[in-house]
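The values are calculated or read from the model by the stated rules, or taken from the named source; none is laboratory data. Predicted model only: the values in this text are computed from it and were never measured. No Cβ is skipped: glycine too gets one built from the backbone with ideal geometry, and neighbour counts run over all protein chains shown. Each accessible area value is taken on the protein alone, full model and side chains, heavy atoms only, with ligands, DNA and RNA left out. Shrake-Rupley method; radii C 1.70, N 1.55, O 1.52, S 1.80 Å.
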Amino acid sequence: MRQLHGKPVCGGIAIGRLGFFRSRDRSVARVSVADAAAEHERFAAAHQAAMRQVTELQERARAEIGDKEAAVFEIHQMMLEDDDYLDAIRGVIIEQMCNAEYAVTVTREEFARSFAEMDDPYLQGRAADVRDISDRLLDCLAGRSGELDVGDEPVIVAAKDLTPSETVQMDKRKILAFVTGGGSSNSHTAILARTMGLPAVVDVGDSLDESLDGLPVIVDGFTGAIYVEPDAETTAAMEKRRVEEAARQTMLDSFRGKPNRTRDGKEVMVYANIGSVAEVELVHRYDAGGIGLFRSEFLFLGSSDYPDEDTQFAAYRKVAKEMGGKRSIIRTVDIGADKQIAYFALDAEENPALGLRGLRLCLERPEVFKTQLRALVRASAFGKLAVMFPMVASVWEVAEAKALLETVREELRREDRPFDPDMEVGVMIETPAAAVISDILAREVDFLSLGTNDLTQYTLAVDRQNARLERFCDPHHEAVLRLIRTVVDNAHANNAWVGVCGELAGDTAITETLLRMGVDELSVSPPKVLELRKTIAECTVG
């Protein structure tokens, strides 16, 4: 028996044969052409074919696995229409008088490398999307169809990596689990696995190779262990765990529709964190009481230019309407630090985590900020929306943001546009400065939401992106917990409620501690909602 290790991204136990998925050979040679204009016309025809295929894939994804996975093909459509991408391909064809296949390949590697070198995991994930749309173009240029097959029998699908198109085009009835040599918790393979409820392990490395094809394996999606040709003892132990996990999931399902109430009667709001309109479906699927953090920057990250007011309004209105009166907290655009967007044209910073980001950037770009606020306020007429400002350190920042918000309201009144005049306003507590002055901030807003990821980073002076410092980045550190308690006490003394939307909210080892402090709301990734509800039901906070 051999044992491999990777990063677990979706829990569960899968037992079966490993089927190694082989991507198509798309190696391309440079060929000189006599007529660059004609070659570009050939590329344009392939481009139109690729657009049709992506539209069909989007519909297929929506029908088979829901709007969330279909959303990735909206991103693919935008990328295929991106002027910078298309101009780069055209430039290579014309300047080098070469075949379209070579131009697509060169552009693919250039754009993918740029995304892969970014710090933000979301943007790193776009590297796979660039490769995916480029490979689709290559297939269209070669006249190949997009259909894929994983075989006749259910298998554990293994690959060096998988693109969104490859995963969506597989027959889901024949997949027991996913294992990839590369990838991350934010990869499309990981997202698809979580949506389908399949065990998945990524980032296994070079030890995952085609020599394992057809061998019996066990995938432990909880620990990241992969057992190749497992012995009888291991198989029996994992079979037992699989039965236990199925019973656990059944037990968690029994918490659907139940109140988030402790043994001694304390009610807590349990909300969900999401990153796109498509993920609202997950909020309902996992029975969350509302949205505690809607990362509005997805609208900006998925666009080649600043999204206009109507585009944003349509997205926020859709959230408000689909949530049916449940509170949805929209965080204003949080760009900067590890989230960089080319068209923002931000200067390089020596210390970006301490630089122009979050609310700071919004106040420096009031025209961008005002557009978003107008869209948000207009959408508030269609449901219970709340607005939340990230990366606050000073009272004057909140005062400026509120002043612009009031300007927007006055404009909309003059335009006779409807909106909710009582829309809640909140701030994120992510800096020690904000925690220390939380009593003053609480008088300015309706609620405070603790972003414990950044609060931990800034309190402990530890870069949370640095894997080597993981043991130093302790969200349970007494200094962090004391700041949380200070924020809760200050908020309640000034008639504001308090939520936690960072990773600590889903850490059930500390749920009771947070509730004893008086935290009113916990917002977690949708799949964690029922487990958190169960934990709350077992707590006594007195």
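Take 46-57, 259-270 and order them by the average number of nearby Cβ atoms within 10 Å per residue, most first; the result is 46-57, 259-270. Counting pairs of Cα atoms in region 270-309, how many percent are more than 10 Å apart? Tail of the P(r) past 10 Å holds 70 percent of the pairs. Rounded to the nearest whole Hz, the Karplus-based 3J(HN,Hα) values (6.51 cos²θ - 1.76 cosθ + 1.60, θ = phi - 60°) of region 78-85 follow the sequence 5, 5, 5, 9, 5, 5, 4, 5, with x at glycine and proline.
How would Thr189, Thr508 rank on accessible area, largest to smallest, probe 1.4 Å? Before the final figure, lay out each step's value.
Details: Thr189 0, Thr508 55 Å².
Solvent-accessible surface, decreasing: Thr508, Thr189.
Under a 5 Å amide H cut-off, with hydrogens placed 1.01 Å from N, Val500 pairs with Leu450, Glu521, Leu522, Ser523 among residues at least 5 apart or on other chains. Tell me, rounded to the nearest percent, the portion of alpha carbon pairs in the chain spaced more than 48 Å apart. Roughly 13 percent, rounded to a whole number. Rolled with a 1.4 Å probe across the full set of protein chains, the surface gives Thr452 an accessible area near 0 Å². For Glu166, the solvent-accessible surface with a 1.4 Å probe is about 20 Å², rounded to the nearest 10. Rounded to the nearest angstrom and listed largest first, the equivalent-ellipsoid semi-axes of region 405-522 from its Cα gyration tensor are 31, 16, 13. Extension gain for the segment Leu252 to Ala142, taken as residue separation times 0.36 nm less the Cα-Cα distance, is 34.7 nm to one decimal. 3J(HN,Hα) couplings calculated from phi for region 239-244 with the Karplus curve 6.51 cos²θ - 1.76 cosθ + 1.60 (θ = phi - 60°) are, in sequence order, 4, 5, 5, 5, 5, 5 Hz; Gly and Pro show x. Mean separation of Cα pairs under 8 Å and 6 or more residues apart, divided by the residue count, gives the chain a relative contact order of 14 percent. Quotient of the Cα radius of gyration of region 204-313 and 2.2 N^0.38 Å, N being its number of residues: 1.64. Computed from backbone phi, the HN-Hα couplings of region 355-365 come to x, 7, 7, x, 5, 4, 5, 4, 6, 7, 10 Hz, rounded to whole numbers (Karplus: 6.51 cos²θ - 1.76 cosθ + 1.60, θ = phi - 60°; Gly and Pro given as x). Could you tell me what percent of the DSSP beta bridges with both partners in the chain are antiparallel, to the nearest 5? Of the beta bridges lying entirely in the chain, close to 35 percent run antiparallel.
As an equivalent ellipsoid, region 463-507 spans semi-axes of 26, 11, 8 angstrom, where each value is the square root of five times an eigenvalue of the C-alpha gyration tensor, largest first. Straight-line cross-link reach from Lys160 at under 22 Å between alpha-carbon atoms covers these lysines, not counting any fewer than eight positions away in the same chain: Lys7, Lys172, Lys174.
Do the alpha carbons of any pairs in Lys321/Lys528; Lys266/Lys528; Lys266/Lys534; Lys318/Lys370; Lys318/Lys384 sit beyond 22 Å of each other, and which pairs? Table pairs above 22 Å Cα-Cα are Lys321/Lys528.
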